Structures are given as structure tokens and as C-alpha cells.
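The values are calculated or read from the model by the stated rules, or taken from the named source; none is laboratory data. Here the structure is a predicted model, which is why all the values come from computation and not from measurement. Every residue, glycine among them, receives a Cβ derived from its backbone with ideal geometry; neighbour counts consider all protein chains shown.
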């Protein structure tokens, strides 16, 4: 989140992984996707020229994680962890991050929903 926040402060836009200098864990599959044995990490946004405008009340997917196999009650092959970004009310170049986790996956990462708060 720190790389994204730094980019947002400067560009007043959300940047894709390439432009903010982030690389997810595991092996690279593409510029915006990596994979470990159990998880696939993806840059969830839709970008033009590596960035997307931020608007108040409009969330942009910034990061998603899919578990490849079922883990306990957490179904596989779904984006079960997400971080979305929107323009924060008030100051220009500030963002609000919202982290969500699928209900069945919450026990695996109990503090995930606190990211960005």
C-alpha cells in the first residue's frame, strides 16, 4: 500500500504494478500477476498508460489474491482477497484503501480487512 500511496500522492491517480515498482510474491506470470504454490496475486485494475484516475465514491481494484486450491472452507479459483482504492474526501492526492476478504476465508487471514485503515 505504501508504494501505491506514494504514487497517488504524486500523480493523483492509481498506478499499475509496473509503474509503482511492485512485484508480487512468487514467480512472475506477467507484469501484473505472480503465483506461489497456493496463491495467484494480480493487479486488479484496468489502466490506460499504467494509471487510472481516482474519483471519490468510485473504487478501483488495486490488488487481488486467488487461492488456487480449496483451503479449509475457503473455496479455490476465486478472488477471495481484494484491496480497492478510491479518492479520499478532502485533500488532493490522498486515497482511501478498502480491504475485503470472502467470509469463508476470513479465518485464514483475520487481520486482512484492517489493511489500509
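Checked against the criteria, residue 76 does not count as outside any strand (DSSP E or B), more than 17 Å from the chain's Cα centre (by Cα) and within 16 Å of residue 15 (Cβ to Cβ). Residue 29 falls short on exactly one of the conditions (1) in contact with a strand residue (DSSP E or B) (Cβ under 7 Å, 6 or more places away or on another chain); (2) free of Cβ contacts under 8 Å to residues at least 12 places away in the same chain; (3) over 15 Å from residue 64 (Cα atoms), and that condition is (3). With respect to the conditions (1) surrounded by fewer than 20 Cβ atoms within 10 Å (Cβ to Cβ); (2) farther than 24 Å from residue 111 by Cβ, residue 54 falls short on a single one, namely (1).
What about residue 60, is it within 15 Å of residue 17 (Cα to Cα) and either in contact with a strand residue (DSSP E or B) (Cβ under 9 Å, 6 or more places away or on another chain) or exposed (fewer than 12 other Cβ atoms within 10 Å of the Cβ) (or both)? Talk me through it step by step, then tell me what you get.
Values: within 15 Å of residue 17 (Cα to Cα): yes; either in contact with a strand residue (DSSP E or B) (Cβ under 9 Å, 6 or more places away or on another chain) or exposed (fewer than 12 other Cβ atoms within 10 Å of the Cβ) (or both): yes.
Judged against the criteria, residue 60 is a match.
Taking (1) at pLDDT below 90; (2) in contact with a strand residue (DSSP E or B) (Cβ under 7 Å, 6 or more places away or on another chain); (3) in a loop (DSSP other than H, G, I, E, B); (4) farther than 23 Å from residue 86 by Cβ in turn, residue 69 satisfies each apart from (2). Within the option set 88, 52, 69, 104, being under 20 Å from residue 37 (Cβ atoms) and either over 14 Å from the mean Cα position of the chain (by Cα) or in contact (Cβ under 8 Å) with a residue 24 or more places away in the chain (or both) holds for one residue only, 69. Please go through segment 74-105 and pick out each residue that is more than 19 Å from residue 5 (Cβ to Cβ), surrounded by fewer than 16 Cβ atoms within 10 Å (Cβ to Cβ) and modelled with pLDDT under 90. Scanning segment 74-105 gives 75, 76, 77, 78.
Can residue 41 be described as closer than 12 Å to residue 95 by Cβ and crowded, with 19+ Cβ neighbours inside 10 Å?
Values: closer than 12 Å to residue 95 by Cβ: no; crowded, with 19+ Cβ neighbours inside 10 Å: yes.
Considered against the rule, which asks whether it is closer than 12 Å to residue 95 by Cβ and crowded, with 19+ Cβ neighbours inside 10 Å, residue 41 comes out as no.
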